[in-house]
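Engineer: Sharing a structure below in structure tokens format, with a few things to ask.
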Amino acid sequence: MNRKTKHKHYGKMGIKPQMSTLTFEAEAIASVVAGAYSIDSSSYSYPYLASWASGKEVKELKDSLERIRSFADEMITGIDRSLEKQIRREQNRAFREEAR
């Protein structure tokens, strides 16, 4: 389903305009988090994000960007903590196996 079809689909479902903003923010958060781990999503994400942002008021963009920054930071921090725990577990396991 292409982007124009999606927007028509949402409209037929009676979804309010904020759905568009939430979808934009989710896509932007995913792009930021992916980028933090060197996963390139730019070929899909950037055109979509640019098309959504076109014609938006500065306040609406600033508000969305702050939510995106905040949530992406929380996700990256959580992922990093989980990865660090996993690395420590693997190191401990390797140390115990060497000690045998």
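Engineer: Could you tell me whether Lys56 is at pLDDT below 95, surrounded by 10 or more Cβ atoms within 10 Å (Cβ to Cβ) and either touching a Cys at 6+ places or on another chain (Cβ under 8 Å) or not β-branched (Val, Ile, Thr) (or both)? First the steps, then the outcome.
Structural biologist: Details: at pLDDT below 95: yes; surrounded by 10 or more Cβ atoms within 10 Å (Cβ to Cβ): yes; either touching a Cys at 6+ places or on another chain (Cβ under 8 Å) or not β-branched (Val, Ile, Thr) (or both): yes.
Taking the combined requirement at face value, the residue satisfies it.
Engineer: Shifting gears a bit: For Ile39, which of the numbered conditions (1) in a helix (DSSP H, G or I); (2) hydrophobic (A, V, I, L, M, F, W, C); (3) without any contact (Cβ under 8 Å) to a residue 12 or more places away in the chain fails to hold?
Structural biologist: Exception for Ile39: condition (1).
Engineer: Which one of Asp40, Asp63 is closer than 24 Å to Met19 by Cβ and charged (D, E, K, R)? Before the answer, list the steps.
Structural biologist: Working: Asp40 fails: closer than 24 Å to Met19 by Cβ.
Matching residue, one of Asp40, Asp63: Asp63.
Engineer: Let me ask you something else. Show the residue pairs that are 6+ apart or on different chains and have beta-carbon atoms under 7 Å apart, the first residue being within the stretch 76-100 and touching a residue at least 24 places away in the same chain (Cβ under 8 Å), the second being in a helix (DSSP H, G or I) and of a type in the set (A, V, I, L, M).
Structural biologist: Pairs found: Ile76/Val33; Ile76/Ala36.
The values are calculated or read from the model by the stated rules, or taken from the named source; none is laboratory data. All values reported here derive from a predicted model rather than from experimental measurement. Cβ sites come from the backbone with ideal geometry, for glycine too, and all protein chains shown count toward neighbours.
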